[in-house]
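Let me begin by presenting the structure, written as structure tokens, before commenting on it.
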Amino acid sequence: MNLFRKTFFGIFIFCFVFAKVSAGQIFVQSGTWIVNSELNGLPGRGMAIDVQNQQLVMQVYNYTPAGQPTFHLAAGSLVDGKFQAPLKQYRGGRYFGSGERIGQEDQSAGDVFIRFNSSTTGFVQFPGEPEVAMSRFRFDGVPVGSLLKPNFRESWVVLEYAEDGSARYPWKIEIYKDKDNGGVESLAVVGSGFGEASLFSSNPCLPMQSEEWFQCEVIFSDVSGLKNKAVFEIHKKLSGLEGYVTRVGSPSIRTKLLGSKYSSYNTSSLVAFRMADIQYDQINNYGGRLYESGMSMYVPEPGTWVVSQELNGKPGRGMAIDVQNDILVMQVYNYESNGDPIFHLAVGQMNFYAFDGLNRNKNSAFTAQLKKYAGGRYFGAEALSGREVGDAGKVHLNFESPLKGWVKFPGEDWVEIEKFQFGYGQKNPEALLGKWSFGVVDDWDYVVNLDRVDGKVARGDRASCQYSEENYNLYMYYNESVFCILNVSSESFLFITFDATPEVRAVPAVSREIMPPPFSGITTKGFAVQVRDKNGVDLGLNYLDQ
């Protein structure tokens, strides 16, 4: 939304200089949030929350006392899981098909107060109202007491921590339905830097006492051929996972797990929905039991999106996009022809398309009606439910990466859109600062700390990382990739490449080891995990006992 540029560069200069960042910060999931007590199956109000670099943007879609749909914007710093900012309203910007119109700040409804107690839960207080519980809105289609949406499988990169709390090494895991064992939900460790894998056995997952936690008994077949049992306790929600693992051979050692999902796979339509670019289908697939066949497509990173050509520093329109498995929810914040602010909502299924810039209209990944609502709750009002009152026509979407795409609004041509990167900006090396774990399957794992920026490069004691440039194409395997050089010894170093977005920082990676001839250029597959960002925030889900 163009108004963000103006709002941020006034508010955030103060915040970056004076806001204290705490090591106790929570990794907050970006996307659609709701007030728990207002989730009743009827149209109502909600929030689109986007957190980047501990800076938060929130759009609230709600109503006026007269029942008309409207929206408010709040932006500022997130400090120790708490946020406070004025809810500003704007008017006079673009409506569908209008062409260029410049909006202006209108008024403030008062301050909003938020405090998060996990990645997906918290409390919010709107002007004139008491504090109420809120949570990340789930529409992923996963039934209660299950790990998966029917006919889906998920791919994760999960980091294990040692007993002292230090990062140990990453795993690639698959959560799937085991056809060889009656379709029971299972967890397979597909790749590990410690030589552990579990593809040759059934590894059933059953609900624990809490409906959101599952226990999975995994049989490892390590490189020596020995069978070692481990018990996983996992809790996952949307793109984040937390839990513990206990190896039966060391029952007193229960280590922590944190991870991110980077792909979901519809086993019926044979379409993979990817949150990061992956140049290989599987790591150590051992005959292909979990092999992905079919088509793959990008899904957009959740959060705030803007029309690229409308980023001019002046108030305008914007979008909040959220995808869970194959369902997309989109809120559009724009204006009526008389200048009044309004929101529209589109919900539907993403479908596979072959991306072609010349035929976008024929190959939309997403098409849905932009619905309009009225009569819902306004700030300070008692409980009110809205109603659908019409639609503005169809919206079409395509995505060429998790951060870029195209939109066609009613009465308009296709235009480019992008994830609004307000936390660091695009390809800023500061986004790479923090602690990273790099691992190659069955071979090695290294933990490095990038603590300073030198030009376009984030540097640490034995590693340097940067966003891709043309002169590194010889070593690149990904389209929008990060490129790292890791010093292994005085005579050996590694080129490591991977695709990571601000929200998805635990991903497969490819490395090329460079040694004195004749052993140069060995390419291997592995993982890259940002353990902790520059603000000391552990990436993953929630907050396990420290």
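Restricting attention to the stretch 450-469, report how many residues are modelled with pLDDT of 85 or more and either buried (at least 16 other Cβ atoms within 10 Å of the Cβ) or under 17 Å from Val507 (Cα atoms) (or both).
11
Out of all the residues in the stretch 115-139, which are within 21 Å of Glu242 (Cβ to Cβ), touching a residue at least 24 places away in the same chain (Cβ under 8 Å) and not in a loop (DSSP other than H, G, I, E, B)? Within the stretch 115-139, Arg115, Phe116, Gly122, Ala133, Met134, Ser135, Arg136 qualify. Reported count of residues in the stretch 115-124, each being under 18 Å from Ser37 (Cα atoms) and open to solvent by less than 10 Å² (accessible area, probe 1.4 Å), is 3. Per the conditions (1) surrounded by 15 or more Cβ atoms within 10 Å (Cβ to Cβ); (2) more than 19 Å from the chain's Cα centre (by Cα); (3) within 18 Å of Gln331 (Cβ to Cβ), the sole criterion not satisfied by Trp414 is (3). The single condition among (1) within 30 Å of Phe409 (Cβ to Cβ); (2) surrounded by 16 or more Cβ atoms within 10 Å (Cβ to Cβ); (3) β-branched (Val, Ile, Thr) that Ile102 does not satisfy is (2). Residue-level check: of (1) touching an Asp or Glu at 6+ places or on another chain (Cβ under 8 Å); (2) of a type in the set (A, V, I, L, M); (3) over 30 Å from Pro86 (Cα atoms), Val395 misses just (1). Taking the stretch 299-345 and the strands (runs of 3 or more DSSP E) fully enclosed by it, the elements with 2 or more residues that are more than 20 Å from the chain's Cα centre (by Cα) are at 327-335.
If you check Glu154, Glu185, which single one turns out to be modelled with pLDDT of 90 or more and under 22 Å from Val248 (Cβ atoms)? So the residue among Glu154, Glu185 that is modelled with pLDDT of 90 or more and under 22 Å from Val248 (Cβ atoms) is Glu185. Within the stretch 432-449, restricting attention to residues that are in a strand (DSSP E or B) and more than 20 Å from Asn535 (Cβ to Cβ), the residue that is modelled with the lowest pLDDT is Trp444.
Within the stretch 211-222, residues that are at negative phi and open to solvent by less than 60 Å² (accessible area, probe 1.4 Å) sit with their Cβ atoms under 6 Å from residues that are at pLDDT below 85 and part of a strand (DSSP E or B), at 6+ positions apart or across chains, in these pairs: Ile219/Lys227; Phe220/Asn228.
Per-residue answers, yes or no, for (1) in a loop (DSSP other than H, G, I, E, B); (2) in contact (Cβ under 8 Å) with a residue 60 or more places away in the chain; (3) out of contact with any Cys (no Cβ under 9 Å at 6 or more places or on another chain); (4) surrounded by fewer than 21 Cβ atoms within 10 Å (Cβ to Cβ):
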site	(1), (2), (3), (4)
Phe113	no, no, yes, yes
Gly141	yes, yes, yes, yes
Trp156	no, yes, yes, no
Glu163	yes, yes, yes, yes
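When you scan the stretch 283-297, do you find a residue that is open to solvent by less than 20 Å² (accessible area, probe 1.4 Å), modelled with pLDDT of 90 or more, closer than 28 Å to Lys394 by Cα and within 18 Å of the chain's Cα centre (by Cα), even just one? No: zero hits. Considering Tyr90, Tyr95, the condition of being at negative phi, assigned to a loop (DSSP other than H, G, I, E, B) and hydroxyl-bearing (Ser, Thr, Tyr) is satisfied by Tyr95 alone.
Annotation for the stretch 184-200: at least one member residue is small (Gly, Ala, Ser), without any contact (Cβ under 8 Å) to a residue 40 or more places away in the chain and over 30 Å from Ala320 (Cα atoms). Against the criterion of being in contact with a Phe, Trp or Tyr (Cβ under 8 Å, 6 or more places away or on another chain), aliphatic (A, V, I, L, M), more than 25 Å from Ile173 (Cα to Cα) and at pLDDT 95 or above, Val323 does not qualify.
With the structure loaded, tell me whether Ala75 is under 29 Å from Glu416 (Cα atoms), touching a helix residue (DSSP H, G or I) at 6+ places or on another chain (Cβ under 8 Å), at pLDDT 95 or above and open to solvent by less than 10 Å² (accessible area, probe 1.4 Å) or whether it fails that test. Criteria met by Ala75. Of all residues in the stretch 233-255, those satisfying the criterion of being in a strand (DSSP E or B), of a type in the set (Ser, Thr, Tyr) and open to solvent by 20 Å² or more (accessible area, probe 1.4 Å) are Tyr244, Thr246. Considering the conditions (1) touching a strand residue (DSSP E or B) at 6+ places or on another chain (Cβ under 6 Å); (2) assigned to a strand (DSSP E or B); (3) among the polar types (S, T, N, Q); (4) crowded, with 20+ Cβ neighbours inside 10 Å, Asn62 is excluded by exactly one of them, (1).
Of all residues in the stretch 65-87, how many are assigned to a loop (DSSP other than H, G, I, E, B) and either of a type in the set (A, V, I, L, M) or touching a Ser or Thr at 6+ places or on another chain (Cβ under 6 Å) (or both)? Number satisfying all stated conditions: 3.
The values are calculated or read from the model by the stated rules, or taken from the named source; none is laboratory data. What you see is a predicted model; the values in this text were computed from it and never measured. All Cβ positions, glycine included, derive from the backbone under ideal geometry; neighbour counts span all protein chains shown. All accessible areas refer to the heavy atoms of the entire protein, side chains included, with ligands and DNA or RNA removed. Shrake-Rupley method; radii C 1.70, N 1.55, O 1.52, S 1.80 Å.
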